[in-house]
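The values are calculated or read from the model by the stated rules, or taken from the named source; none is laboratory data. All of these numbers come straight from a predicted model, not from anything done at the bench. All Cβ positions, glycine included, derive from the backbone under ideal geometry; neighbour counts span all protein chains shown.
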Amino acid sequence: MGKDHRTSALDGTAEIGLAVLATTFSIVAVFLPVGFMGGIIGRFFHQFGVTVVAAVLISMFVSFTLDPMLSSVWHDPDLHGTGNKTSWYGRTVGRLLDWFSARMDALGHGYAAMLGWALKHRLATTLIAIVTFFGSFALVPLIGTEFVPAADLGETQVGFTTPVGTAMEVTEAKVRQVEAALKTFPEVAYTYATINAGNTSGRNNALVSVRLVDRRARKLSTVQLNPKIRERLGGIAGITLTMVGMPDGAGGQKAVQVSIQGDDLDELRRLSQEASRRMLAIRGLTDLDSSMKDDRPTIEVRIRRQLASDLGVGVAQIGNALRPLLAGDAISSWRAPDDQNYDVRVRLPRDARTGLADLNALMIASSQTNADGTPKMVPLRQVADLVPTTGATRSAAAT
């Protein structure tokens, strides 16, 4: 229009100013609330929303300051040529810019031609758009969906159980077998195992944490390695795998959980077994576990109440006597040389509390006294019958 560069830059900025402001603040109005949403959605989209808002605000600032300033001092290559063509550098840059400008012009002409065809054939354009939209749904099975992508953190876990009632020593031996099998994988750096600790309560429950070597030093990712670990450990007799991999559900639990509740343990056990059987038939489900465990072996003490009352032995006395003798009571604490405090527990030695004969021979203090004032001691077998039986480990099932 014959204006100088400075005037052209100011007039051009004034013409597009309102459009830039409207576009920028529309984007800010949409993404700023997204950046401050609450809950888990807010945690995922906080950085995204704030980044978009900051980017468009910076873009608006640049469009009102840096762009007009550069336009007022840089000449238009189409009108004044591309740089200083007297030097080798100027000629090279000029040719490159000319080539790029020609390609962009060709792209613009092609887009204009395609747009013109679409406007002339509106029905065909609409049909193509509809077919493309609905045809894209066919790609969903190939792409897959997930809420949170599986991350390779260089670690995994192996949880397993031994039969209910298994001694701690046997479970420990199985842990050694599992660790030995894991160390055959070149991707495994080291392992750390716990028994009857944290969420793996019970002498027959174990959890092995596996640390992998650096991602650049191994060919397999954690997701690819877990099935191989599951297959290798499946050959170890006497264990049942309950987890291979890191828990990815809410609260560090498994991703899929089914809760079965009721007040009839026998019916709960039947429903739990039926649910487990049906879920095992579902392709893709692994590491199935149930909190309704097998009954553990116990010994039921059936007190002959009339006889016990005649001998001065009450139910509470029998319970108070058996608990410290069999389970042990912490009566004091001991500070070790390493400055750690350890509970001192008193109970019968193992060889005096492992069989029915040992339990039958336990002496219970009676409320009746001897001539010297000491309480009479009554053998447990005299006031109670000890019957081997089984007992439930939990009062509810969740598969």
Exercise. Just to be sure, is PHE25 part of a helix (DSSP H, G or I), among the hydrophobic types (A, V, I, L, M, F, W, C) and either exposed (fewer than 15 other Cβ atoms within 10 Å of the Cβ) or touching a residue at least 60 places away in the same chain (Cβ under 8 Å) (or both)?
Worked result: yes
For this session: Sort out which residues of segment 235-275 are at pLDDT below 85, of a type in the set (Gly, Ala, Ser) and surrounded by fewer than 16 Cβ atoms within 10 Å (Cβ to Cβ), and write them in order of number.
Result: GLY249, ALA250, GLY251, GLY252, ALA255
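Please determine whether any residue of segment 220-232 is basic (Lys, Arg), exposed (fewer than 14 other Cβ atoms within 10 Å of the Cβ) and either modelled with pLDDT under 90 or not in a strand (DSSP E or B) (or both).
At the first step, the residues of segment 220-232 found to be basic (Lys, Arg) are 228, 230, 232.
Among the residues that remain, those that are also exposed (fewer than 14 other Cβ atoms within 10 Å of the Cβ) are: 228.
If we keep only those that are either modelled with pLDDT under 90 or not in a strand (DSSP E or B) (or both) as well, we get 228.
Yes, that holds for at least one residue.
Select from segment 148-188 the residues that are in a loop (DSSP other than H, G, I, E, B) and more than 26 Å from the chain's Cα centre (by Cα) and write down the one among them that is surrounded by the fewest Cβ atoms within 10 Å (Cβ to Cβ).
Residues of segment 148-188 that are in a loop (DSSP other than H, G, I, E, B), as a first pass: 148-154, 162-167, 183-187.
Pick out the ones that are also more than 26 Å from the chain's Cα centre (by Cα) and you get 163-167.
Working: PRO163: 14, VAL164: 15, GLY165: 15, THR166: 19, ALA167: 11.
If we take residues in segment 148-188 being in a loop (DSSP other than H, G, I, E, B) and more than 26 Å from the chain's Cα centre (by Cα), then ALA167 is surrounded by the fewest Cβ atoms within 10 Å (Cβ to Cβ).
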For this session: Could you check how many residues of segment 283-323 are farther than 25 Å from LEU207 by Cβ and either within 25 Å of the chain's Cα centre (by Cα) or basic (Lys, Arg) (or both)?
Result: 5
Problem set entry | Cross-chain or 6+ apart pairs with Cβ under 9 Å, segment 228-242 first and among the basic types (Lys, Arg), then outside any loop (DSSP other than H, G, I, E, B) | ARG230/VAL158; ARG230/LEU241; ARG230/VAL244; ARG232/ALA181; ARG232/LEU182
Exercise. Can you tell me which residues in segment 190-207 are of a type outside the set (Phe, Trp, Tyr) and either assigned to a loop (DSSP other than H, G, I, E, B) or surrounded by fewer than 16 Cβ atoms within 10 Å (Cβ to Cβ) (or both)?
Worked result: THR194, ASN196, ALA197, GLY198, ASN199, SER201, GLY202, ARG203, ASN204
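Taking segment 96-147, which residues are aromatic (Phe, Trp, Tyr) and assigned to a helix (DSSP H, G or I)? I'd like the intermediate steps shown before the answer.
Of segment 96-147, the ones aromatic (Phe, Trp, Tyr) are 99-100, 111, 117, 133-134, 137, 147.
Matches in segment 96-147: TRP99, PHE100, TYR111, TRP117, PHE133, PHE134, PHE137.
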Exercise. Among the residues of segment 330-359, which ones are at pLDDT below 80 and of a type outside the set (A, V, I, L, M)?
Worked result: ARG350, ASP351, ARG353, THR354, GLY355, ASP358
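Test of understanding: among ILE303, ILE229, ILE331, ILE236, which residue is of a type in the set (A, V, I, L, M) and out of contact with any strand residue (DSSP E or B) (no Cβ under 6 Å at 6 or more places or on another chain)? Show your work before the answer.
On the way: ILE303 fails: out of contact with any strand residue (DSSP E or B) (no Cβ under 6 Å at 6 or more places or on another chain); ILE229 fails: out of contact with any strand residue (DSSP E or B) (no Cβ under 6 Å at 6 or more places or on another chain); ILE331 fails: out of contact with any strand residue (DSSP E or B) (no Cβ under 6 Å at 6 or more places or on another chain).
None of the others qualify; the one that does is ILE236.
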